[in-house]
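The values are calculated or read from the model by the stated rules, or taken from the named source; none is laboratory data. Remember, it's a predicted structure, so these values are computed and weren't measured experimentally. Glycine gets a Cβ as well: all are built from the backbone with ideal geometry, and neighbour counts include every protein chain shown. SASA here: full protein model, heavy atoms, side chains in, ligands and nucleic acids out. Shrake-Rupley method; radii C 1.70, N 1.55, O 1.52, S 1.80 Å.
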Amino acid sequence: RRGGGRGAWLLGSAPGMMPSDRTYGYNKGAEGYSADYTYKAVPGDPASGETGAPPMTSGKEGAMPISEGKEEVGGCARDCRGIAGVLCRPLNILLVFVPLGIASGMLEWGSAATFSCNFTAIVPLAGILGAATEALAVHTGQMVGGLLNATFGNAVEMILTISAIKAGLVSVVQGSLLGSILSNLLLVLGMAFFAAGLWIKESQFSSTGASVNMTCLALGSISLALPTLYCHIPNASVEDMVTISRISSVVLAIVYIMFLVFQLVTHADLFGEDGDEEEEVTMSACTSVALLLSATCCVAVCSEYLVDSIEGVSEDYGLPKAFIGVILLPIVGNAAEHATAVTVAAKGKMDLALGVAIGSSTQIALFVVPFAVLVGWFFDVPMSLDFRIFDASVLMLSVFLASGILQDAQSNWLEGAMLVATYILIAIICWFIPDEGEVVHPHHHREL
């Protein structure tokens with residue numbers, strides 16, 4: 001069994017002992033895995049020296065090990081095995097698009113080719129980023145590990161945000177942040193409920209952890225709604241709205257730090273599934289950092305070309321920017337964890353699925369959204385929390401719907417279908433939202 005503090009225990013026998021009188025296995029230590037044996041003498045066994053009350057002896061003296069010597073898994077062998085575990089996944093076949101995406105941008109193959117290749121390339125890179133972050137977090141404490149997951153776990157969204165803000169695509173950034181929250185809260189959670197409902201009539205999960213996350217999401221939706229409503233007050237200035245957004249972002253960031261302390265320190269029992277299990281070290285800290293930096297650099301390059309091609313794709317092929325931001329870009333950074341949430345939900349691990357789906361939404365709302373505003377402040381771009389009325393309303397209604405479904409701490413396939421249907425309705429409307437500055441003629445309509 002992988003992932004626990006001890007290895008898988010096996011049963012065997014030695015001369016003069018019954019088959020169940022000896023256990024041996026592998027213990028995980030600082031240097032790797034070593035064999036450990038425990039013998040139990042049976043009544044009448046000469047080794048015991050007496051009958052009726054066999055003593056227990058343990059150790060390696062006189063042992064007959066499964067394999068000779070001490071078996072260790074560490075150093076380069078462990079790192080190679082860990083890297084292979086990260087890279088040898090079916091999704092990583094899409095890594096072939098990384099060089100294609102970079103080449104399409106450098107050689108100017110056209111906006112459609114550049115967008116498609118880099119869009120596809122970032123999907124497996126996001127999965128590698130997440131795996132490398134988890135491997136590095138094992139070497140740190142809970143608090144540092146939580147911060148690592150909050151930052152590098154959302155590295156794709158943050159890199160895309162920086163690239164888009166530098167390009168002045170504020171509406172695309174706002175749409176992608178909204179889409180990341182909605183895709184996790186509606187699409188991923190809905191598919192997880194539906195997948196679990198096909199095998200389990202009613203799935204149970206922790207209501208306390210879900211309630212805390214939903215409360216944080218409600219705060220995030222309020223923080224978007226208030227600046228948006230402020231802009232509709234007569235004589236309200238854009239400069240004041242940007243200032244309000246920056247102050248609100250600092251408040252949200254502080255709340256997120258408090259949430260991390262609550263989740264990882266003071267109330268960790270409400271969120272942990274198996275508190276007694278230790279996470280397995282799959283690779284060294286240096287190897288994890290190297291893999292993390294390599295994937296981050298690739299994502300940064302591909303994101304730059306992806307963002308630069310958005311304008312051309314939207315103008316040449318009539319793809320709405322709202323649809324690109326709210327629906328397409330969130331798929332890039334969340335595809336790997338989407339698959340994880342649905343897979344573990346189908347296996348009955350609903351708390352883990354909720355942690356992936358709702359936890360990711362909370363991170364975006366309380367961490368990445370304020371980060372985007374502060375990045376705009378740094379680059380002197382008026383990135384604000386003034387989302388469209390439609391965006392703010394959709395987020396509020398989605399949080400309201402998810403809260404209602406989660407309040408009884410049970411789920412079924414019908415509730416999952418309702419969440420997915422809500423996401424489809426939002427996607428349909430996003431397709432018909434006109435771009436800013438676009439002149440809509442009375443008889444103009446957009447084709448599906």
**Study point:** Single unsatisfied condition, Gly348 versus (1) in a loop (DSSP other than H, G, I, E, B); (2) open to solvent by 50 Å² or more (accessible area, probe 1.4 Å)
**Key:** (2)
Point to revise | Every pair of residues 6+ apart whose Cβ atoms lie under 8 Å, when the first sits in the range 150-167 and is outside any helix (DSSP H, G or I) while the second is modelled with pLDDT of 85 or more | key: Ala167/Val307; Ala167/Asp308
Review point. Considering the range 92-104 alone, what residues qualify as being within 28 Å of the chain's Cα centre (by Cα) and of a type in the set (Gly, Ala, Ser)?
Key: Gly101
Revision key, fill the gap. Over the range 368-388, the set of residues in contact with a Ser or Thr (Cβ under 8 Å, 6 or more places away or on another chain) and either basic (Lys, Arg) or open to solvent by 10 Å² or more (accessible area, probe 1.4 Å) (or both) is Phe371, Leu374, Val375, Asp386, Arg388
**Study point:** Contacts under 7 angstrom Cβ, first residue in the range 126-137 being of a type in the set (Ser, Thr, Tyr), partner modelled with pLDDT under 80, 6 or more apart
**Key:** Thr133/Leu148; Thr133/Asn149; Thr133/Phe152; Thr133/Gly153
Revision key, fill the gap. Scanning the range 406-424 for residues that are assigned to a helix (DSSP H, G or I) and out of contact with any Leu (no Cβ under 7 Å at 6 or more places or on another chain), the one nearest to Met214 (Cα to Cα) turns out to be Leu406
Practice item. Any chance you could count how many residues in the range 344-362 are out of contact with any Leu (no Cβ under 8 Å at 6 or more places or on another chain) and among the polar types (S, T, N, Q)? Key: 1
Review point. Within the set of pairs 6+ apart or on separate chains, which have a first residue in the range 94-112 that is over 15 Å from Val301 (Cα atoms), a second that is hydroxyl-bearing (Ser, Thr, Tyr) and open to solvent by 80 Å² or more (accessible area, probe 1.4 Å), and C-beta atoms under 7 Å apart?
Key: Ala112/Tyr317
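Determine whether Val326 is within 30 Å of Trp109 (Cα to Cα), out of contact with any strand residue (DSSP E or B) (no Cβ under 6 Å at 6 or more places or on another chain), open to solvent by less than 10 Å² (accessible area, probe 1.4 Å) and assigned to a helix (DSSP H, G or I). Before you say what the answer is, go through the steps one by one.
Details: within 30 Å of Trp109 (Cα to Cα): yes; out of contact with any strand residue (DSSP E or B) (no Cβ under 6 Å at 6 or more places or on another chain): yes; open to solvent by less than 10 Å² (accessible area, probe 1.4 Å): yes; assigned to a helix (DSSP H, G or I): yes.
Yes; evaluated as a whole, the condition is true for this residue.
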Study note, to complete from the structure: So, first residue under 14 Å from Leu406 (Cα atoms) in the range 341-365, second residue surrounded by fewer than 23 Cβ atoms within 10 Å (Cβ to Cβ) and hydroxyl-bearing (Ser, Thr, Tyr), Cβ within less than 9 Å, six or more apart or across chains; the pairs are Met350/Ser206; Asp351/Ser206; Ala353/Thr340; Ala353/Thr343; Leu354/Ser206
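Among the residues of the range 231-262, what is the count of those that are within 23 Å of the chain's Cα centre (by Cα) and either closer than 18 Å to Phe378 by Cα or touching a residue at least 24 places away in the same chain (Cβ under 8 Å) (or both)? Give the derivation first.
Of the residues in the range 231-262, the ones within 23 Å of the chain's Cα centre (by Cα) are 249, 252-262.
Checking the rest, the ones that are also either closer than 18 Å to Phe378 by Cα or touching a residue at least 24 places away in the same chain (Cβ under 8 Å) (or both) come to 249, 252-253, 255-256, 259-262.
Total satisfying the criteria: 9.
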Review point. Taking Ala121, is it open to solvent by less than 10 Å² (accessible area, probe 1.4 Å) and at negative phi?
Key: yes
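Determine whether Phe193 is within 22 Å of Gln407 (Cα to Cα), assigned to a helix (DSSP H, G or I) and open to solvent by 50 Å² or more (accessible area, probe 1.4 Å).
Working: within 22 Å of Gln407 (Cα to Cα): yes; assigned to a helix (DSSP H, G or I): yes; open to solvent by 50 Å² or more (accessible area, probe 1.4 Å): no.
Taking the combined requirement at face value, the residue does not satisfy it.
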